[in-house]
Amino acid sequence: MTDAIQVQGWCPSAWQPMRAQDGWMVRVRPHCASISAAQWRLLAQLALSQAHSQIELTRLGNVQLRGVSEPQQVRSQLIAAQLVPVDADADLAPAVHCTPLYRSGDATHALALWLSAAVVERLSPHALARQAVAALPGKFGLLVDDPDRHMQSIAADLHLWVAADQGYCLALGDAADWYCFAHAQDAVEAAVQVALWFASARATITPAPTRLRGLLPYRQPDLPALRAAQRRAAVADGGSPAQALSPGQHAGQGWVMAAPLGRIDAAAMHQLASDLPAHTAIRVTAWRSLLVDAPAMESHIARLDPAHWITQPDDVRLRVSACTGAPRCTQALIPAQAMALALAAQVAENKHLHVSGCAKFCALAADASGVLYASRGAGGEVLLNASAVDQRARPGPPISSLAHTEAPEKIQELLHDLHL
């Protein structure tokens, strides 16, 4: 029996919330990855009063409220707190994701500010409509990385970063080479030109690709800004990519704190934010964690409830991820989150298991090495399938989903076969 899976072609926002089984989803895109302690207190209050009592961190560094009952009321409060733009056009402009690893006012921060302003001014739906160009797909996004490129594995259509030599770099899609510029404004201009080119050129392909990487095999941009740049190829022995920041203290950056499965208990978040000065920047990472650099932070960390926070890099809960799962998602066939946490201790160190309620693999972690997901059998029964993350189309023999409670050794065998 084949499951009918519906994949959304866009992401929710404050001005365009998404309806789900359990209410509305409202997403906040932190400006330059930063949200103040005062703003976090508001988010926690909204989660406790008008949504589910968890605040979700996405794998692109966004913050999401789920189960929202009155999205317009929530949006009004988010606007008042300067967490979302005052108009829909700016909110619906392509996302600009930003590394949390910068100092206020440094070159990376300035690049992110310039890019964000240019995207709203020139790539918003109204700006494109004035040029008779259709709006960019909802999943099209740009990313400003740090010089060590900790976010290199994050899926974005355009990657920009400040190089070690203080030049500015632009990579298209998942290309291994990039363009180099002497000035930040030139890199931003090139990024905008590529996005405009994509908005027009994608219409020449059927079906029209929604991501830049889907167009580049068929079309290549020949643009003035790119022709003026120096093109540089990745060095084969250039070393391993920078790793994600694990929970704990990082010299010169601050403390990284994660939450189980990237879902923060709203009451715990309210307590933390209330203990910190209102202006404290609590940055959101692309690894579903928070980065905080504040005085006496070690004493704050010591008071955190370990049931709600992960502060040590060897916490087994870091070895699993999961989608929303049942009962909050209509397409999910299993309680993916509860199952993931129950299996965490069985996953080997340096491995990562993603549990999905269906074969859509929502919220799949970039570092996942194996997946456990649900499907329906020929008789309508719910089955569990397991595979390596790059073999999802060819899983091994399924087992009954009842094994989770009635025969856990069967799931252990699946994980063992995957070397997890």
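The values are calculated or read from the model by the stated rules, or taken from the named source; none is laboratory data. Since the structure is predicted, the reported quantities are computational estimates derived from the model, not experimental observations. Backbone-built Cβ (ideal geometry, glycine too); neighbour counts: all protein chains shown.
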**Study point:** Residue within segment 256-263 that is at positive phi, touching a residue at least 40 places away in the same chain (Cβ under 8 Å) and outside any loop (DSSP other than H, G, I, E, B) present
**Key:** yes
**Prompt:** buried (at least 21 other Cβ atoms within 10 Å of the Cβ), more than 30 Å from E413 (Cβ to Cβ) and modelled with pLDDT of 95 or more - does that describe any residue in segment 294-308?
**Reply:** no
Practice prompt. Return yes when R59 is out of contact with any helix residue (DSSP H, G or I) (no Cβ under 6 Å at 6 or more places or on another chain), within 15 Å of A286 (Cα to Cα) and either modelled with pLDDT of 95 or more or assigned by TED's automatic domain parsing to the domain that holds H279 (or both) and no when it is not.
Written response: yes
TODO: Would you confirm whether any residue within segment 386-400 is surrounded by 20 or more Cβ atoms within 10 Å (Cβ to Cβ), hydrophobic (A, V, I, L, M, F, W, C) and closer than 20 Å to V320 by Cβ?
DONE: yes
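Name the residues in segment 55-81 that are surrounded by fewer than 20 Cβ atoms within 10 Å (Cβ to Cβ) and either out of contact with any Lys or Arg (no Cβ under 8 Å at 6 or more places or on another chain) or not small (G, A, S) (or both), would you?
T58, R59, S69, E70, Q72, Q73, S76, Q77, I79, A80, A81
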Per the list (1) surrounded by fewer than 19 Cβ atoms within 10 Å (Cβ to Cβ); (2) of a type in the set (V, I, T); (3) in contact with a helix residue (DSSP H, G or I) (Cβ under 7 Å, 6 or more places away or on another chain), residue check on V355 breaks on (1)
Of (1) modelled with pLDDT of 95 or more; (2) in a loop (DSSP other than H, G, I, E, B), A286 fails just (1)
If we keep only residues of segment 159-204 that are surrounded by fewer than 22 Cβ atoms within 10 Å (Cβ to Cβ) and of a type in the set (S, T, Y), then the residue nearest to G141 (Cα to Cα) is S200
In segment 69-84, residues that are in contact (Cβ under 8 Å) with a residue 40 or more places away in the chain, part of a loop (DSSP other than H, G, I, E, B) and out of contact with any Leu (no Cβ under 9 Å at 6 or more places or on another chain) total 2
Of (1) within 30 Å of Q152 (Cα to Cα); (2) more than 29 Å from the chain's Cα centre (by Cα), P395 fails just (2)
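When the residues of segment 51-91 are narrowed to those that are of a type in the set (D, E) and under 19 Å from the mean Cα position of the chain (by Cα), which ends up farthest from T330 (Cα to Cα)?
The qualifying residue farthest from T330 (Cα to Cα) is D91.
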